[in-house]
Amino acid sequence: MKDHPATSEAIEGTSLWRDAWRRLLKNRLAVFGMVIVIVIALASIVGPTLISKTAGYSYDSIPRDSNLIKSFAPFTGAGGKFSWAHPMGTDNAGRDILARVLSGGQISLIVALIATLVSLLIGVSYGAVAGYVGGKIDDLMMRIVDVLYSLPYVIIVIVLLALLPAKTPVGQLAELFFALGAVSWLTMARIVRGQIMSLKNQEFVLAARATGVSTPNIIFRHLVPNALGPVIVYATLTIPTVMLSEAFLSFLGLGVRPPRVSWGSLAAEGAQNLAVYPWQLIFPGLTMALMLFSLNFLGDGLRDALDPQMKKG
Amino acid sequence: MWDSRSRFATTLIIIGCLVAAGCLVSARNKSFFGQTDPPRENILRYVSGSEPESIDPQIPNNQNEARISLALFEGLAEYDPKTSEPVPALAERWEVNKDWSEVVFYLRRDGRFSNGDPITARDFVYTIRRGLTPEVGSRSASLAYPIKYAQAFNEGGVFVYDPAAKTFLLEKDFVENADQAKAVAPISSASPDKNPAPPAANALADSEFHRFMQEPARLVLPGSEKARKAALEANPKIKAAITGKQFVPVKADDVGVEAVDDYMFRISLMQPAPYFISMMPHQFFRAVHQKTIEKFGNRWTDTNNIVTSGAFKLDSWNHYDRIVVSRNPHYWDAANVHLDKIIFYLLDSNTTMLSLYKSGGLDATYNHTVPSAWLDVIGPMKDFMDASEAAIDYYNFNTTSGPTKDVRVRKALNMSLDKKALADWRHVRPLTSIIPDGIFPGYPHPNGDPFDPEKAKRLLAEAGYRDASGNFDPQKFEASEIELIVNPDSNNVPYAEFIQAQWKQNLGATIAIRIMENKTFFKAATNLDYKGVSRTGWAADYLDPFTFLSIFYTPRGSNGTGWWDPKYVELLDRANRMTDHQKRYEMLAQAEQIMLDAQPVIPLTVGTTRWMKKPYVKGLYPNPVTLHSWKAVYIERDPGKWDYGMPDMSK
Amino acid sequence: MGLWNARYEQVTEPGRHLTNQPMARFIIRRVVVIIPMLFIVISLTWALVRLAPGNFYSGEKKLAVGVEANLREKYGLDKPWYVQYGKVLKNIARLDFGTSLKYEGQSVNQILWRALPVSAALGVSAYIIALIVGIVAGTFSALKPYSWIDYSSMTLAMLGISIPNFVLGPLLVLLFSLTLFWFPPALWDGFPSRSLVLPALTLAAIYIAYVARLTRSGMLEIMRSDYIRTARAKGLSEGQVVMRHAMRGGLLPVVSFSGPALAFLITGTVVVEKVFALPGLGNYFINACFNRDEPLIIGIVAFIAITVLVFNLLVDIAYGFIDPRIRYA
C-alpha cells in the first residue's frame, strides 16, 4: 500500500471518490489510456459532421466521377499523385476510410455504452436480489449463472441474430443491444452479489430492516449504492468486451447492416481486399486495437484506483 | 507501474512492422501476382468452385460441376482449348445431311472407360436416353431437345394412336408451321465440319428404327391431364381428332438416337439445329457407363463405384474441401495427357482463392475470380488472363405484376441508365441488346434503346406518374414501392448501388435496394414475388446466339420475367430451320428486336473472363467460356518457355 | 467473451462449496445438471430456428405444389409443432441428429465427425501454445517484476487482448503468407502441417495474454506467501522453489480459467475458421445458421454444450487435486 503524504489534503478531508481520482491521475498509463479514449470518442462524435462540412462527403458517399470509384492508398489521389484528401485511403467504392472509421466509431461507442447499460441493469438487479435474499433462491440463481457462464452462449446469440433479422435499422440496433447486453451481465451479477453479501449484515442494513423499509428499497436504495465501486470498475471493463463482441458479430455479418458501418464490418470488408489494398483493414483494425488497448489500461487504472486493498504487487 | 517508455517503444516497433509489411506488399512482385515456383510434382492445383451438387455429368448444370466433369468424362467432341469450338474426341469425324435432319458420328475404336470396357455407339445411345429420362432429373436435358422426340420423352408426353388405322397421328396434319426444310443451300458454316465427307448419311445401313425416324413427326400431346386439356382447348382440330384414340407414352426407345453399328452413331433431329454440333462437348453428352448406373443407381458416383470415360479418373472427394483426379491409364489418348493429377479445390470465396493463388497454393483459377475492384492492381500483371466472354449481366423485370407490368415503365428504367458509365467503372463493355458483341462474327446486332433520361421521364409521365402539369413526378413513382432485389455478392451490391445512384440522378426517384439472402432471393425471383427489378446473369451453354435468345423460349425455367410471345418463338424456330448461316443470323436478330421492343430485361454489361494463371501452366487458354480440355494442360519447368502475359491464341 | 478477472472470481466465486462436500456427491450433482441444461439449450435453439423466416428448401427453382408438399411430408413439416418437437428430442436422445438439410445426403453425425478433428486440432494447438508461451512469459515476469522483461511482456499481453482476432488473423496472413510466403493463407492440410500455424497463432494470441497476466499475478501472490518463504528458508534453490512449490499454487488461476477458456476458444474458432477457410465446426455452424439448416444447428449446439459442460466438470475436479488447500473431504 502506498503511503499517502501527510499534506494539507489530509486536513481537507477527502472523499472516497476524490482519493480515487488522484490515484488514477498518478497512473500514467491509465491517463494515457483515458486521453486516447477521449480523443477517439470525440473524433467519432464530431468527426463525420466535420468532414462532411469541410470536405463535402460522408461515410457512404460514392463519388460521381467514376475515375474516383476505386481504392486509393493513403494520401494518394487520382493518377497516383500525392493528395491530402484521403489520409487513410478509400475503399473499393471510393468512400473515404477516415470518415468510415469515425462513423464506425460512433456506432461502436453507442452500442458499447448502451449494451453495457443493459448489462448493468440486468446484472445489478439480478445479483443484488440473489445476494440479499440468499438461501435456496440464491443458490438457484447462481447455479443458473454458473451454467450460463460456462456455455459459450454467444452461439445462441449468433443463432438469434442470424435467424431473426429485424427489418428496420432501429430494430437491428435494438436487437444488437439486447443480444450484447445479454452476453455480459453474468460477471456483473456475480460481483454485485458478492458485494451485497458482504454488506448485508452491516449495521445500516439491520437498521433499515428494523425501521420497516421494504426489501426492494433496502436492496436498491441502500445496498446497491454502496456497492458501486466494483460495479463501476467492472462496467468500465465491460465496455471493451462489448465493443469487441459487437465488432465480432458485425464481422460475421450479423451485427450492423449496410449502409451503416462499424469497426467490425469495416474489418470484414478490409479483410476481403487484403491481398491488394491492405490499408482497408489496417486502419480500422489499428483504430479499434488502439481504442481497446486504451480502454483496458483505463480500466486497469480505475480498478487500481478504486480498490487499493485489492492491488497486487 | 509499467514504464511508459518501454511501452511506447513496443508500440512503435509494432506499428513500424505493420507499415513495413504494407510497403513490402506493394513493392514486391511487379510482374506476377505472388509466388511463381512450379509444384514439384506434375499436378495442377485448380479451384473449380463451390461444392458440386453431384459429379454425375448429366444432372447439374453449373460451371463448377462442368469443370470437373470435363476431366472425368469424354464426349463425341471436345472444346478446342483456344476457341471452344468442337474438335473430334471420341468421334473421329461427323457428317450432317443436307436438310439437317440427321447427324452421323464415326467413333474411334480405341475409346475405353476407366475400367477398361470399350466405349461404343451403344454407350452414347444409352447416355442420351438416360439423360432425358424424367426420373433422372437432369437440369441440362433441354440441350438435347433438338433430337427427335427428346423433348416429348423428357416432358412425359404421349403419342396419339389410332387403333383402327393402326397409325399414329402426325404433327403436320395439325400444327401450322410443320417441317418445311427443303432448302438446298450448302451446309451451315456456323458449326464447321472438321472433316467434310460426302453427304451420304442416308445411304448408311437402314434399320427399322431409322425408317421410323424418317417418317414425318408424330403428334405429341402433354402427358399430364391438365396440360393436355389446355392444349386441346387451344387447338380444336386436335380435340376433334382424338376421339376414339389411345394415348401412348413416349418411351426412351423413341428418342432419335441410334447405334447403326458399334462405332457409328446416328442422331435424328426434330428440326434443323445448326448449333447442334457445338453442343456436343457439353457434359450432358459425355459417355456414362451403363452397367455401373444400372447396378448402383444413385450411388454410382460414389468413389468406390464410379466408372468414368475421360482423361482422368476420380481418386477422392473430400466434401467441401477438394476433389482429386488422377490420370486414367485406359484413356484412348493417354499418351497425350501431361498431368498426373488435378486437385480441384472447392471454394467459392474469391478472396480466399486469390490469397491462395498469391501464396503459391493454387496454379490457376476459374473465370470471374478477379474482383473488378482489383483490376487496377492485377490488370497489368503478366499472369492475368482476360478475354471476351460469352456471358451477360442483366436485370429482369417482373412483367406480370407491379409497376413494371407497364412496358413504358420498363423502357423508361432502361433508358435512364448510363450503361457506358457503368461499364467504364467496371472495365467491361456496355450492352444495349442481349447478344454480346465480339463473339459471333457477322451477327447484325439490333440496337437497343439509347441513354435518354428525358424520354424516360416522358414515358413515366405517360404511364401515370405525373403531377398536375403533366410532368413526371418522382414521388408518385416511389410510392409504387418499386424495388431492386439482389443477392449478396462482391459484385452485385456495388453494381446495384451504382445503378440506384444513376436512377436517382437521372430520374430524381429513389428505387430501394433490397439485399436478400441467397435462398430467399432465388425464391422471390423465380416466383416473381417482388415489385420491380431483380438481378441475374447468363452464361452461354454453347457458342451460338440461340443460347441467349432461348432464355425467353418458354415462359418459365430460365425466363425469370414472365414475358412470353409466341411470335418471338415462331421466329426463332424459323430461323433455326434456315440453312443459310447469314440469313439465319438475320432472322435471329429480328427475333431479338421483338424482345427488345417488349423490354422484359435491362441489358447491362458483357463481362470478360478475368482469371489468374501461373506462367508455368501451359495449355490453359483464355477462351470465351473458360472451360478447358484438361489433357492439353501441362507444367512447363523451363522458365524460358513460360507465358509472360496471355498465351498466344492464334491457331 | 467476458474479460475474466482473477481477483473477482476468487472473492465472489459462489456455488462451489468445495470444502464441504465429498467428491462423489459433487460430481453427481454436476452431471445431473447437464441433462436439463442440454434440454433447455436444445429447445431454445430449436424454437429459434422454427421462428426464423424462410426455410431450407427455398432454392432457385420454384417448386411445383406437389413437389413442395412431398418435401414437407418427407421432413415431417406438415405435422403440428409439438409432434415435431417431440420427434427431435427423441432422436437426439438416441444421438441421432438427423440429416443436414443443406449438405445433401450428409448426416449431421458425419459432418460433426469430419469437422471435429479440425476444430479440435486448432483449439488444442492454440491452447497449448497459449499455455506454454503464457506461463513462461508470466513466470519470468513474476520472477523479475518491474524489469523490462516484465514491461514488455505485459504490454504485448495487453496488445494480445486488444487486437481482435479478426484483425490479427488477416494481418498475420498479410505478412507471413502473402509477403513472405512461409505459410498458406487458408485451407486445411491435415494435422500437423504448416496450414495450422497461422490459425493457431491467431487463436492463441488472446489466451497467451490472459495466461501470462494470470500467471504473473498468481505467481506474485504465491511468491510472497508464507510457505514460499519457508521453502526459501529451508535453503532450496530458486529454481526448485519456483518449479516445485510456486507453480502449483500460481497455476491455480490458470487451471480454473481453462473452463471459460474453452468457451472463449469456441467463439474464437468461429472467426478464425472463417478467416482461414477451415472446414471446422465454427465454419459449419455459421453456414448452418445462414442456411437455416435446423438439424445441423441443433447438432452443433448440442455437441458444444455437452463438451463445455463435461470439460468444466473435469476442470473443477482437477482444480481440487492441484490446490493443496482444497479438499473434498
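The values are calculated or read from the model by the stated rules, or taken from the named source; none is laboratory data. Bear in mind that the values here come from a model prediction, so they are computed numbers and not experimental data. Neighbour counts run over all protein chains shown; Cβ positions are idealised from the backbone, glycine included. The accessibility values were calculated without ligands, DNA or RNA, using every heavy atom of the protein model including side chains. Shrake-Rupley method; radii C 1.70, N 1.55, O 1.52, S 1.80 Å.
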In cubic angstrom per residue, the convex hull of segment A:20-62 built on its Cα atoms measures 82 Å³
So, with points 7 Å from each Cα along the Cβ direction, the residue B:529-residue A:214 label distance in nm works out to 5.1 nm
Given unit charges at Cβ for Lys, Arg (+) and Asp, Glu (-), the dipole magnitude of the protein assembly as shown about its Cα centre in debye, nearest 20, is 3800 debye
Carbon/sulfur accessible area of chain B, % of total, 1.4 Å probe, equals 52 percent
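Grab the Cα-Cα distance for residue B:251 and residue B:136, subtract it from 0.36 nm times how many residues apart they are, and report the gain in nm with one decimal. Mind dumping the intermediate values first?
Values: separation 115, 0.36 × 115 = 41.40 nm, distance 1.42 nm.
Between residue B:251 and residue B:136, full extension yields 40.0 nm more.
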Averaged per residue, the 1.4 Å probe accessible area of segment A:36-103, protein heavy atoms only, in Å², is roughly 50 Å²
With a 1.4 angstrom probe the carbon and sulfur portion of accessible area for segment C:86-135, in percent, totals 68 percent
For chain A, Rg(Cα) over 2.2 N^0.38 Å is 1.20
Volume per residue (Å³) of the convex hull spanned by the alpha carbons of segment B:353-426 is 142 Å³
Here the FRET efficiency for residue C:318 versus residue B:597, based on Cβ atoms and R0 = 56 Å and rounded to 0.05, is 0.10
One finds the C-alpha centres of segment A:210-288 and segment B:314-360 to be spaced, in Å, by 44 Å
Between the modelled labels at residue B:30 and residue C:116 (7 Å from Cα along Cα→Cβ) the distance in nm is 5.5 nm
Between chains A and C, the summed loss of accessible surface on complex formation, probed at 1.4 Å and reported to the nearest 100 square angstrom, is 5600 Å²
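Probe radius 1.4 Å, ligands and nucleic acids left out: can you give me the accessible area buried at the C-B interface, summed over both chains, in Å² to the nearest hundred?
Approximately 3200 Å² gets buried when C meets B.
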Applied in sequence order to segment B:426-434, the curve 6.51 cos²θ - 1.76 cosθ + 1.60 (Karplus, θ = phi - 60°) yields integer Hz couplings, x standing for Gly and Pro, of 9, 6, 10, 10, x, 10, 9, 10, 9
FRET efficiency (residue C:27, residue B:340; Cβ distance; R0 51 Å; to 0.05) is 0.35
Diffing segment B:576-585: the Karplus 3J(HN,Hα) column from phi (6.51, -1.76, 1.60, θ = phi - 60°), in whole Hz with x for Gly and Pro, holds 5, 7, 7, 9, 6, 4, 6, 5, 5, 4
With every protein chain in place, the accessible area of residue B:439 for a 1.4 Å probe, in Å² rounded to the nearest 10, comes to 30 Å²
Per DSSP loop assignment and a cutoff of at most 13 other beta carbons within 10 Å, chain B keeps its longest run without exposed GluC sites (Glu not before Pro) at B:177-480
Cα extents of the protein assembly as shown along the principal axes, largest first, in whole Å, come to 119, 76, 71
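Equivalent ellipsoid semi-axes for segment A:231-313, as square roots of 5 times the alpha carbon gyration tensor eigenvalues: give them largest first, rounded to whole Å. Working shown, then result.
Working: eigenvalues 204, 40, 11 Å².
Here the semi-axes work out to 32, 14, 8 Å.
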TM-like helix rule applied to chain A (DSSP H, alpha carbon span at least 18 Å on the long axis, mean Kyte-Doolittle at least 1.6) gives A:28-54, A:97-133
Using alpha carbon centers only, segment B:546-575 is separated from segment B:41-109 by a whole-angstrom value of 26 Å
Long-range amide H partners of residue B:532, meaning residues 5 or more apart or on another chain whose placed amide H is closer than 5 Å, are B:398, B:404, B:483
Sorted by chain and then number, the residues having a modelled amide H within less than 5 Å of the amide H of residue B:102, at least 5 places away or on another chain, are B:97, B:269
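With a sphere of radius 12 Å drawn around the Cβ of residue B:471, what net charge do the other residues whose Cβ falls strictly inside it have (Lys, Arg +1; Asp, Glu -1)? Intermediate results must be reported in sequence, preceding the final value.
Numbers: positive: B:457, B:458, B:466, B:476; negative: B:454, B:462, B:467, B:473.
Local charge sum for residue B:471: 0.
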Toy charge model, Lys and Arg Cβ at +1, Asp and Glu Cβ at -1: chain A dipole around Cα centroid in debye, rounded to 20, equals 80 debye
Close lysine pairs (chain A; alpha-carbon distance under 18 Å; 8 or more apart or on separate chains) counted at 7
Counting only DSSP loop positions in segment A:50-155, the trypsin sites (Lys or Arg not before Pro) whose Cβ has at most 13 other Cβ atoms within 10 Å are A:64, A:81
Calc'd 3J(HN,Hα), segment B:471-476, phi into Karplus 6.51 cos²θ - 1.76 cosθ + 1.60 (θ = phi - 60°), Hz, glycine/Pro = x, comes to 8, 5, 10, x, 5, 4
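What order do A:59, B:345 take when sorted by accessible area (1.4 Å probe), most exposed first?
Numbers: A:59 50, B:345 25 Å².
Heavy-atom accessible area, descending, gives A:59, B:345.
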With -39,500 (n - 2.57) per DSSP H segment of 4 or more residues and division by the full residue count of the protein assembly as shown, the 222 nm estimate, nearest 500 deg cm²/dmol, is -15500 deg cm²/dmol
Projected area averaged over all directions for the convex hull of the alpha carbon atoms of segment B:319-370, nm², comes out at 4.7 nm²
For residue B:85, the residues 5 or more places away or on another chain with a placed amide H closer than 5 Å to its own amide H are B:80
In this structure, among B:313/B:641; B:613/C:102; B:341/B:641; B:313/B:613; B:382/B:419, pairs with alpha-carbon gaps over 26 Å are B:313/B:641; B:613/C:102; B:382/B:419
Taking the dipole of the protein assembly as shown about the Cα centre (Lys, Arg +1; Asp, Glu -1; charges at Cβ), the one of B:293, B:213, B:484 that reaches farthest to the positive side is B:484
Across A:22, A:303, A:193, the residue with the highest GNM fluctuation in chain A (Cα network, 10 Å cutoff) is A:22
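What number, in nm² with one decimal, is the all-direction average of the projected area of the convex hull of the alpha-carbon atoms of chain B? Numbers along the way, then the final one.
Details: hull surface 149.4 nm².
Hull-based average projected area comes out at 37.3 nm².
Given 0.36 nm per residue, what is the gain on full extension from residue B:554 to residue B:161 after removing their alpha carbon distance, in nm? Intermediate results must be reported in sequence, preceding the final value.
Numbers: separation 393, 0.36 × 393 = 141.48 nm, distance 2.75 nm.
Value of the extension gain: 138.7 nm.
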Rh_Kirkwood(segment A:109-228) over Cα pairs, Å, one decimal, evaluates to 15.6 Å
Label model pair residue B:586, residue B:376: point-to-point distance (7 angstrom along the Cα→beta-carbon line) in nm is 4.8 nm
